[in-house]
Amino acid sequence: MDRCVVLVDAGYLLGAAASLLAGEPARSRITVDHSTLIQGLRERAESETQRPLLRIYWFDGAPDRVPQPEHRRLRVMPRVTVRLGALTRSDGRWAQKGVDAAMHTELTELARNRACSDIVLVTGDGDLLPGLMSAKEHGVAVHLWAVQAADGDYNQSEDLVAEADERRVLDRTWITRAVRAKDLAGACAPQPADRPEIAAILSAPLPETAAAAAAAANRQPEPATTERNGTRPAAVAALTTAERGADGPATRGVPTPKDLAGLGRGPAQQSAGTAQTVQPATPNATLRWSSDKGWVERGAGNGLGEPPETACLPMLAQLTSAEQRWADREEDITTVGGDPFEVGQVFARRWAERLTDSVHLQHLSTEYPRIPHRIDGELLRYAARFGLLAHKDDQIDEHDRYAIRAGFWREIDARTAAEHTQAGD
């Protein structure tokens, strides 16, 4: 049939783009606008082949073949199909398993079934040579695209290049329409600023007492630390700006684990490098890293330091019917992109909308910044569906956790403010 198909080896495309723009093949060094990239691939394929696009196949690796946020965004785009292989770690390096085999299978099946007249391959792996030759024998024109190499040399198998019917190079100008280096200012547009909510959480100063923390929710925060020369650290200055926002009101901050680690030092003392006084640890308290951002008194409410009205807050699962559960899953698959902040907002929206008693929302709001244990655990389990909180370089991504909770509280605060406005009217 007179249609074209694009097969993309994401490891090659993005790794080569990272080498070109950032000087090394680590995909963590680049940021990708997947919508722009897919649109660019489609337009170029249709222009080069003079055929309408049938489909773009995106081949990539993922830990345990669990779709990551970028895969979830890609697979709901029109004319895009995602195929995942395994991503394994060996000798300190990540390696894809099964991606080449999946591309070979798709390439030969498309040609054998005469599903298209032209196939565009974006890859450099010589293992696809037998599949390319088989496709040619079935009368399919094979176009091989390369990413401009950083060192000016080939980054593709020479045998693959020799067998292709047509070969084109995606140069730096084309790549930078959708890809940018995170730390190379000249590669493309400057990085956008972080969301103020996440910046506030990551750099929030530690309140000196619980009373001060509660008061901080209703007043403009004061700088909590100073450098030895009397000036504010950059992180605190940035926090103050982020908290104020465009309209001036303060956003409540959350102490970080680094701040909280100082609470266990015994008698009140100064934090290293600052003039801040750190309060001693509360006796018989424990620091819950996974769900609570503060010291928790034992013996009250549910044994986790939560008052009875908070411990009895309903979980989302208890508020959700079978029909709603199906609709939620449909929304997760087709709409929710998997951004940590967005995931926290979606969870909070569903929880707040399904409450039968608005007093629960008020009780939850008073617990800020600590999300009650049961609800927080349910929130993190929900986030895990999107590939968040996974091990990244052998460590749990704490930034994702902060972003998830920031999204949760942004949604809860918005709904609490709406409740107050309606009550005032």
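The values are calculated or read from the model by the stated rules, or taken from the named source; none is laboratory data. As the structure is a computational prediction, the values presented were derived from the model and not from experiment. Neighbour counts are summed over all protein chains in view; Cβ atoms, including those assigned to glycine, are modelled from backbone coordinates with ideal geometry.
Here the condition is being outside any strand (DSSP E or B) and either more than 19 Å from the chain's Cα centre (by Cα) or of a type in the set (Val, Ile, Thr) (or both); of ALA45, ALA18, it holds for ALA45 alone. Of all the residues that make up segment 68-80, how many are farther than 15 Å from GLY11 by Cα, at pLDDT below 90 and in a loop (DSSP other than H, G, I, E, B)? Residues flagged as farther than 15 Å from GLY11 by Cα, at pLDDT below 90 and in a loop (DSSP other than H, G, I, E, B) within segment 68-80 amount to 1. Looking only at residues of segment 340-385 that are touching a helix residue (DSSP H, G or I) at 6+ places or on another chain (Cβ under 6 Å) and among the aromatic types (Phe, Trp, Tyr), we find that the one that is farthest from HIS71 (Cα to Cα) is TRP351. Being closer than 23 Å to TYR402 by Cα, assigned by TED's automatic domain parsing to the domain that holds GLU398 and modelled with pLDDT under 75: is that true of LEU304 here? The answer is yes for LEU304. Residues in segment 15-48 that are more than 17 Å from ARG168 (Cα to Cα) and among the charged types (D, E, K, R) were compared, and the one that is surrounded by the most Cβ atoms within 10 Å (Cβ to Cβ) is ARG27. Among the residues making up segment 1-54, a single one is in contact with a Lys or Arg (Cβ under 9 Å, 6 or more places away or on another chain), at pLDDT below 90 and basic (Lys, Arg): ARG29. For segment 86-104, state whether one or more residues are surrounded by fewer than 19 Cβ atoms within 10 Å (Cβ to Cβ), modelled with pLDDT of 90 or more and part of a helix (DSSP H, G or I). The answer is yes, given that some residue of segment 86-104 is surrounded by fewer than 19 Cβ atoms within 10 Å (Cβ to Cβ), modelled with pLDDT of 90 or more and part of a helix (DSSP H, G or I).
Scanning segment 126-147 for residues that are outside any helix (DSSP H, G or I) and buried (at least 18 other Cβ atoms within 10 Å of the Cβ) yields VAL140, VAL142, HIS143, LEU144, TRP145, ALA146, VAL147.
Of ALA101, ALA111, all but one fail to be free of Cβ contacts under 8 Å to residues at least 24 places away in the same chain and closer than 22 Å to GLU163 by Cβ; the exception is ALA101. Among the residues making up segment 105-125, those that are surrounded by 15 or more Cβ atoms within 10 Å (Cβ to Cβ), part of a loop (DSSP other than H, G, I, E, B) and out of contact with any strand residue (DSSP E or B) (no Cβ under 6 Å at 6 or more places or on another chain) are ALA115, SER117, GLY124, ASP125.
When ASP393 is tested against the conditions (1) closer than 20 Å to GLU342 by Cβ; (2) charged (D, E, K, R); (3) at pLDDT below 80, the lone failure is (1).
Condition check: touching a Lys or Arg at 6+ places or on another chain (Cβ under 7 Å), outside any strand (DSSP E or B) and of a type outside the set (Phe, Trp, Tyr). Does VAL161 satisfy that? Yes: the conditions hold for VAL161. ARG51 is checked against (1) closer than 23 Å to ILE175 by Cβ; (2) in contact (Cβ under 8 Å) with a residue 60 or more places away in the chain and fails just one. What number does that condition carry? With (1) closer than 23 Å to ILE175 by Cβ; (2) in contact (Cβ under 8 Å) with a residue 60 or more places away in the chain applied to ARG51, the lone miss is (1).
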